[in-house]
Amino acid sequence: MTDREVSTPTNFIRQIIEEDLRQGKNGGRVATRFPPEPNGYLHIGHAKSICLNFGVARDYGGTCNLRFDDTNPEKESAEYVRAIQEDVRWLGFEWDRLCYASDYFEQLYDYAEDLIRAGKAYVCDLSQEEIREYRGTLTEPGRESPYRNRSVEENLDLFRRMRAGEFPDGSRVLRAKIDMASPNINMRDPVIYRIRRTAPHHQTGEEWKIYPMYDYTHCISDALEGITHSLCTLEFEDHRPLYDWFLEQLDVPCHPQQIEFGRLNLEYTVLSKRKLTELVEKGYVEGWDDPRMPTIAGIRRRGCPPEAIRLFCDRIGVTKSDGVVEIAMLEHCMREVLDTTAPRAMAVLRPLKVVIENYPEDKVEQLTAANHPKDESMGTRTVPFTREVYIDRDDFMEVPPNKKWKRLSLGEEVRLRYGYVIRCTEVIKDDQGEIVELRATYDPDTLGADPAGRKVRGVIHWVSVSHGVPAEIRLYDRLFKVPIPGADKDDDWLSDINPESLVVVQGVVEPSLAKARPGDRFQFEREGYFCVDTKDSTPERLVFNRTVTLRDTWAKIAGQK
RNA sequence: UGGGGCGUCGCCAAGUGGUAAGGCACGGGAUUUUGAUUCCCGCAUUCGUAGGUUCGAAUCCUACCGCCCCAGCCA
């Protein structure tokens with residue numbers, strides 16, 4: 001935690017926990033867990049859950065396990081297991097125990113036999129389609145399976161043979177015997193074990209031919225780990241009666257309390273694992289860690305510090321109402337931490353050469369620049385000033401658009417950041433009328449001093465032509481062009497992708513940046529926050545990713561007219 | 001038209017019968033060699049709607065209305 005995060009969040013879950021502590025429940029113990037299924041990368045929605053679970057454990061002197069909910073080998077992989085651990089650690093959390101639901105397969109199996117012996121579970125031979133038909137609908141009750149009243153002996157025998165691999169996939173399942181007429185569909189004899197003979201499991205290999213389902217596995221795993229508060233998202237609210245049912249039937253060590261909260265929705269992106277997987281697999285992005293992805297890996301590569309994510313999660317709060325958080329909230333958190341932590345530098349994204357005609361041909365001045373305007377401890381660096389410099393094309397207009405313009409224009413003055421005041425004397429264009437170069441003069445008395453008798457309103461950044469270092473700069477923008485992709489036609493969400501979510505530009509950066517290391521974050525003055533790409537940047541060919549722009553009041557004013 | 005949830009400012013969110021916190025966004029101003037940052041100031045007489053209880057209601061009751069989730073051998 002950093003200073004920014006000292007105020008402890010308050011929310012209904014923390015209130016429940018505090019009340020439990022007050023009453024001495026669970027022997028004053030608080031134990032949570034973060035239970036991802038390793039079937040994809042973690043995204044910012046998971047970050048909310050991570051911050052909640054690990055944060056609660058931290059603040060109440062409890063524990064938090066990282067538990068892989070790995071009961072579906074067909075969709076899971078060791079690669080996801082690896083990536084998830086990396087992401088949780090990067091976010092700044094460390095688990096007490098690293099667990100796998102598959103650690104409990106043997107116990108889970110034994111509990112299933114207990115259920116059978118108690119007459120609370122049975123092997124059902126109905127096909128998948130038949131089970132669906134027998135289940136009924138939202139408004140009509142289901143019907144009991146013809147296999148519902150098999151003897152304990154027959155059920156035990158069949159279940160053991162399922163485990164032994166005697167039956168093909170899909171031929172039989174083990175079901176809990178609850179109530180086919182329940183208004184809660186989850187209670188209509190849910191399947192708790194299915195046969196999967198071929199798919200090797202990333203943790204248990206070929207050992208198992210049957211795999212337990214989520215509802216059955218999750219509550220028992222929680223109980224075996226001594227979890228006190230099992231926090232999950234709202235869509236599991238309907239499953240809570242089932243969660244409690246299993247724990248009541250079985251002789252488990254404890255009965256954790258499931259509490260549901262609203263999952264995060266964020267504007268201009270998607271957060272469903274299905275859609276994120278589709279973006280990756282169909283090549284709309286370059287991978288799970290594409291900087292446009294809302295994955296932890298993508299956000300990290302984009303240059304966002306973990307502290308900003310934690311700050312964001314604290315600020316959006318935890319409730320049961322499902323809303324959509326504006327992207328501005330996330331961007332604000334990024335800027336807030338980057339402003340104080342990122343050293344400043346100058347980079348020209350769209351270079352326009354300026355020749356300062358009254359500056360000596362081969363003179364080079366080493367100007368001193370502060371690495372942070374209000375943090376002296378970040379030190380200073382030196383930037384070479386020469387007769388020819390690049391400025392950004394956006395910082396010049398031959399004739400100013402209005403009186404508010406404070407950048408360079410023909411015949412007018414502007415200050416070069418940390419350097420001199422220059423005046424544009426001539427605009428050189430090519431045959432197409434495109435501006436290719438500017439001529440200017442400088443006022444030698446303006447280094448660190450205001451010019452005599454004039455006030456220069458504008459300051460622009462620049463880089464020496466002879467000393468600047470070329471760099472590829474990737475300008476990332478929101479992945480979708482509308483706040484809610486697929487809002488009115490969900491199957492068409494892909495058509496809402498923003499075709500300009502990535503604009504690559506060949507820029508020039510100040511020479512001090514040549515020694516920047518992958519992952520280093522900077523503020524390019526007047527442009528935004530950038531970080532050295534961890535995959536593609538090399539000392540010979542620097543690549544910077546734009547994390548987020550600076551707040552841009554001018555763009556707002558300019559956009560109004 | 002079954003069940004489970006949720007409705008407080010444009011967005012997020014406090015509030016738990018005593019007279020609407022905060023953050024983001026937005027608007028205005030100050031300072032500024034980043035149109036950044038920082039700093040002031042403004043921003044819900046009203047809590048989905050309608051009734052009722054009460055000296056007093058966002059908080060309690062009733063009835064409506066709206067939105068979300070559930071019919072995987074996914075989690």
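The values are calculated or read from the model by the stated rules, or taken from the named source; none is laboratory data. Since this is a predicted model, take the numbers as computed values, not measurements. Neighbour counts are summed over all protein chains in view; Cβ atoms, including those assigned to glycine, are modelled from backbone coordinates with ideal geometry. Side chains are part of the model used for accessible areas, which takes the heavy atoms of the whole protein and leaves out ligands, DNA and RNA. Shrake-Rupley method; radii C 1.70, N 1.55, O 1.52, S 1.80 Å.
Summary of computed values
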quantity: Conditions (1) more than 28 Å from A:D339 (Cα to Cα); (2) within 13 Å of RNA strand B (Cβ to nearest atom); (3) open to solvent by less than 10 Å² (accessible area, probe 1.4 Å); (4) within 20 Å of the chain's Cα centre (by Cα); number of the one not met by A:A83; calculated: (2)
quantity: Hits in region A:177-189 (condition: open to solvent by 20 Å² or more (accessible area, probe 1.4 Å) and either more than 8 Å from RNA strand B (Cβ to nearest atom) or closer than 20 Å to A:Q249 by Cβ (or both)); calculated: A:K177, A:I178, A:D179, A:A181, A:N184, A:I185, A:N186, A:M187
quantity: Residue list for region A:537-559, filter: touching a residue at least 12 places away in the same chain (Cβ under 8 Å), surrounded by fewer than 20 Cβ atoms within 10 Å (Cβ to Cβ), within 26 Å of the chain's Cα centre (by Cα) and in a loop (DSSP other than H, G, I, E, B); calculated: A:L550, A:R551
quantity: Scope region A:364-407; condition in a loop (DSSP other than H, G, I, E, B), over 20 Å from A:R457 (Cα atoms) and away from RNA strand B (no atom under 13 Å from the Cβ); matching residues; calculated: A:V364, A:G379, A:T386, A:R387
quantity: Condition broken by A:Q249, with the remaining ones in (1) in the same structural domain as A:N26 (by TED's automatic domain parsing); (2) near RNA strand B (Cβ under 8 Å from one of its atoms) satisfied; calculated: (2)
quantity: Unmet criterion (only one of (1) over 21 Å from A:R89 (Cα atoms); (2) free of Cβ contacts under 8 Å to residues at least 24 places away in the same chain; (3) under 14 Å from the mean Cα position of the chain (by Cα)) for A:E331; calculated: (2)
quantity: Among residues of region A:514-561, those that are within 10 Å of RNA strand B (Cβ to nearest atom) and acidic (D, E), counted; calculated: 3
quantity: Unique match (being open to solvent by 20 Å² or more (accessible area, probe 1.4 Å), more than 13 Å from RNA strand B (Cβ to nearest atom) and either closer than 29 Å to A:V482 by Cβ or not in a loop (DSSP other than H, G, I, E, B) (or both)) among A:V280, A:V285; calculated: A:V280
quantity: Residue in region A:463-470 that is modelled with pLDDT under 95 and part of a loop (DSSP other than H, G, I, E, B) present; calculated: no
quantity: Some residue of region A:359-372 being charged (D, E, K, R), at pLDDT 95 or above, more than 23 Å from A:T441 (Cα to Cα) and open to solvent by 30 Å² or more (accessible area, probe 1.4 Å); calculated: no
quantity: Unique residue being within 25 Å of A:S466 (Cβ to Cβ) and under 37 Å from the mean Cα position of the chain (by Cα) when the list is A:D362, A:D445, A:D395; calculated: A:D395
quantity: Matching residues, region A:378-423, being free of Cβ contacts under 8 Å to residues at least 60 places away in the same chain and hydrophobic (A, V, I, L, M, F, W, C); calculated: A:M378, A:F396, A:M397, A:V399, A:W405, A:L408, A:L410, A:V414, A:L416, A:V421
quantity: Only listed residue being within 20 Å of the chain's Cα centre (by Cα), at pLDDT below 95 and not acidic (D, E), chosen from A:G287, A:G323, A:G317, A:G298; calculated: A:G323
quantity: Residues (aliphatic (A, V, I, L, M) and buried (at least 24 other Cβ atoms within 10 Å of the Cβ)) located in region A:292-307; calculated: A:M293, A:I296, A:I299
quantity: Count of region A:331-352 residues which are surrounded by 17 or more Cβ atoms within 10 Å (Cβ to Cβ) and more than 13 Å from RNA strand B (Cβ to nearest atom); calculated: 4
quantity: One residue from A:S501, A:S466 being hydroxyl-bearing (S, T, Y) and within 30 Å of A:L276 (Cα to Cα); calculated: A:S501
quantity: Residue in region A:235-242 that is in contact with a Pro (Cβ under 7 Å, 6 or more places away or on another chain), within 14 Å of RNA strand B (Cβ to nearest atom) and either modelled with pLDDT of 95 or more or open to solvent by 60 Å² or more (accessible area, probe 1.4 Å) (or both) present; calculated: yes
quantity: Subset of region A:199-230 that is within 15 Å of RNA strand B (Cβ to nearest atom), out of contact with any Phe, Trp or Tyr (no Cβ under 6 Å at 6 or more places or on another chain) and assigned to a strand (DSSP E or B) - its residue that is farthest from A:S171 (Cα to Cα); calculated: A:S230
quantity: Matching residues, region A:256-273, being free of Cβ contacts under 8 Å to residues at least 60 places away in the same chain and surrounded by fewer than 17 Cβ atoms within 10 Å (Cβ to Cβ); calculated: A:S272
quantity: Residue check for A:L174: among the aliphatic types (A, V, I, L, M), at pLDDT 95 or above, open to solvent by less than 30 Å² (accessible area, probe 1.4 Å) and not in a strand (DSSP E or B); calculated: no
quantity: Selection from region A:501-528 of residues that are in a strand (DSSP E or B) and either farther than 20 Å from A:L479 by Cβ or open to solvent by less than 10 Å² (accessible area, probe 1.4 Å) (or both); calculated: A:Q506, A:G507, A:V508, A:V509, A:R521, A:F522, A:Q523, A:F524, A:G528
quantity: Residue in region A:249-270 that is farther than 22 Å from A:G486 by Cβ, in a helix (DSSP H, G or I), in contact with a helix residue (DSSP H, G or I) (Cβ under 7 Å, 6 or more places away or on another chain) and of a type in the set (S, T, N, Q) present; calculated: yes
quantity: Scope region A:21-58; condition in a helix (DSSP H, G or I), within 15 Å of RNA strand B (Cβ to nearest atom) and over 17 Å from the mean Cα position of the chain (by Cα); matching residues; calculated: A:R22, A:G55, A:V56
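Per-residue answers, yes or no, for (1) among the hydroxyl-bearing types (S, T, Y); (2) crowded, with 17+ Cβ neighbours inside 10 Å; (3) at negative phi; (4) without any contact (Cβ under 8 Å) to a residue 40 or more places away in the chain:
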{"residue": "A:G458", "(1), (2), (3), (4)": "no, no, yes, no"}
{"residue": "A:W462", "(1), (2), (3), (4)": "no, yes, yes, no"}
{"residue": "A:R474", "(1), (2), (3), (4)": "no, yes, yes, no"}
{"residue": "A:L479", "(1), (2), (3), (4)": "no, yes, yes, no"}
{"residue": "A:P483", "(1), (2), (3), (4)": "no, no, yes, no"}
{"residue": "A:S495", "(1), (2), (3), (4)": "yes, no, yes, yes"}
